[in-house]
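FYI, it's all coordinate maths here, none of it is from the lab. Treat the numbers as computed from the prediction; the structure is a model and nothing was measured. Here the Cβ is made from the backbone with ideal geometry for all residues, glycine too, and neighbour counts use every protein chain on show.
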């Protein structure tokens, strides 16, 4: 059974329950893990469904430049908590809950800036399902002690005092938790390791380079450093989130199912036997 089929079955069960507002599925997974593919499959399968990526909430380059100047230079790179317009996400979800006509934000990665509002698609009316996907959707902050030791050379050499990672962790502990609290059910696509995440991200960027050129497109040499920005929280998610995600789908390097998915019930995490 494919990861998409496992998650589709789970979402179908959630949608079968009575609801007075849209079902919000939080879909977490490292870069390249197949979140967009799963989200597209869910939108195609269920009427009144839409998708929003956490990436679509990135703040503009000029605002990240201000963070880089005032807080730490590493905030110039989009990705970590602190580089998203969390209030925009909260307002959009609140509008959907009220049943109001709502446009879904979009970010232009090629130009490394939010897309013009004229390019934002309208959410279906009524909206029954929102798939909220992102590499750290539903993540919780680390302890202060966990931030002391660098996890890679980027942190060791460019954030030796821990200013960047502590500021990002503080952002995650704040408004992000309010945004994530609206998630009704959290699903994790669990990568096998960080090396695989780098390979997946390389595949993504090569496809982007083949389609377009722009300031946001990176060459292979830049990808390893880019993924290093995400490594700390990715490792934390893979360790911590399976204990509370409604469904954890372990992935192999080719994004097929690796072992049995794990579901949470009243007895705690339990293995699920996928159907053939």
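For this structure, a couple of remarks:
- Global geometry of segment 109-254, whether rounded, prolate or oblate, following the gyration tensor of its Cα atoms and the 1.5 cut on a/c: rounded
- When each of 92, 241 is scored by the number of other beta-carbon atoms lying within 10 Å, the sequence from fewest to most is 241, 92.
- Taking every DSSP helix (H) stretch of at least 4 residues in the chain, weighting each as -39,500 (n - 2.57) and dividing the sum by the residue count yields a mean residue ellipticity at 222 nm of -12000 deg cm²/dmol.
- Segment 218-258 shape via C-alpha gyration tensor axes, a/c threshold 1.5: oblate
- Exposure proxy order (Cβ contacts within 10 Å, fewest to most) of 71, 131, 24: 71, 24, 131
- Of all DSSP beta bridges in the chain, antiparallel share, percent nearest 5: 35
- Here the contact order of the chain, divided by its residue count and restricted to Cα pairs under 8 Å and six or more residues apart, works out to 26 percent.
- Rounded, prolate or oblate (a/c below 1.5 giving rounded, otherwise prolate when a/b exceeds b/c) for segment 1-75 by Cα gyration tensor: prolate
- Gained length - residue 258 relative to residue 110, 0.36 nm times residue gap less alpha-carbon distance: 50.0 nm
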